[in-house]
Amino acid sequence: HIEQEFQGMRQPLDFGLRIYFQVIISGPADTVGYPTTITIDSIAPDSGTTVPMGINVGSAKGLSFRGRLTPRGELRNQVPSDSAAAQALSPIVGSFRNFFPRLPPGGLTLGAAWTDTTSENDRAAGNITIKTVNRSKAAAWEDRNGARALRLEVASDFTIQGNGQQAGQPFEVSGTGLRNGADFLAIDGRYLGRQSQDSTNMTITLPIQAMTIPRTQVTRTTVTVLP
């Protein structure tokens, strides 16, 4: 859900998307991590949804991101198979750098609690830096789709700062946000999915037009592993 104010008028927008993709993690690992490839199969808008900013979801077919997955869960050195398609789709796909749950240095055990800080530069969307402070806790064992899973609860604060171009027009952006969610990991280490929600308040500045656009958005995300 997005609301922004433009020329004195509030513009609400609601849209939903299902993104189907495949993740392949292979070995052996090198000094950075495990070779990992994420390939998008398709993006399906919900019935009645209008995809924002005229994005062509068909261009996502076969788009892949290659990188190295560290033992702590960070996907580093990402390289898209098509940089132009990745940039065009960045408002709805974003980066997979923080897709996987972050793990503590000593491994994940029930009751473990820790805090870590990440900084991500999203060059697909422009020169955008997102700094995040994550507070994590391995809260409980529970059943998840028939498997015994550890529930990893995460609360995050983040800031957004940067600039870029959209449709040939320069922009600047700044803002803050909160994210709360839970990841689920099977007892044998398999990633079983996520439920999360984040709320963001930001300001978009268009220097050429001398215009400032306040924007708020709420994103709900569910990750499900298909059989």
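The values are calculated or read from the model by the stated rules, or taken from the named source; none is laboratory data. Small disclaimer: the values here were computed from a predicted structure and weren't measured. Note that we place each Cβ from the backbone using ideal geometry, even for glycine, and neighbour counts take in every protein chain shown. The protein model used for the area step is the full one, side chains on, heavy atoms only, and it has no ligands, DNA or RNA in it. Shrake-Rupley method; radii C 1.70, N 1.55, O 1.52, S 1.80 Å.
Quick notes
- Over region 69-213, accessible surface divided per residue gives 52 Å², non-protein components excluded, 1.4 Å probe.
- Computed over all pairs of different Cα atoms, the Kirkwood value for the hydrodynamic radius of region 22-86 is 13.3 Å.
- At q = 0.10, 0.16 Å⁻¹, base-10 log of I(q)/I(0) for the chain (Debye sum, equal scatterers on each alpha carbon): -0.50, -1.32
- Computed over the chain, relative contact order equals 13 percent, with contacts defined as Cα pairs under 8 Å that lie 6+ residues apart.
- Positive-end extreme of charge dipole, region 28-173 - chosen from Val51, Leu63, Asn163 (charges on Cβ): Leu63
- Accessible-area composition of region 1-115, carbon plus sulfur, in percent [1.4 Å probe]: 52
- Structure-based [θ]222 nm, the chain - -39500 (n - 2.57) summed over DSSP H runs of at least 4, per residue, nearest 500: -1000 deg cm²/dmol
- Of the peptides 103-110, 135-142, 37-44, the ranking by mean beta-carbon count within 10 Å, highest at the top, reads 37-44, 135-142, 103-110.
- Mean projection area, nm², convex hull over Cα of region 1-120: 10.6
- Area accessible to solvent at Met211, 1.4 Å probe radius, in Å²: 40
- Carbon plus sulfur fraction of accessible area for region 137-227, probe 1.4 Å, in percent: 50
- Proximal charge balance of Leu13 [Cβ under 12 Å; K/R count +1, D/E count -1]: 0
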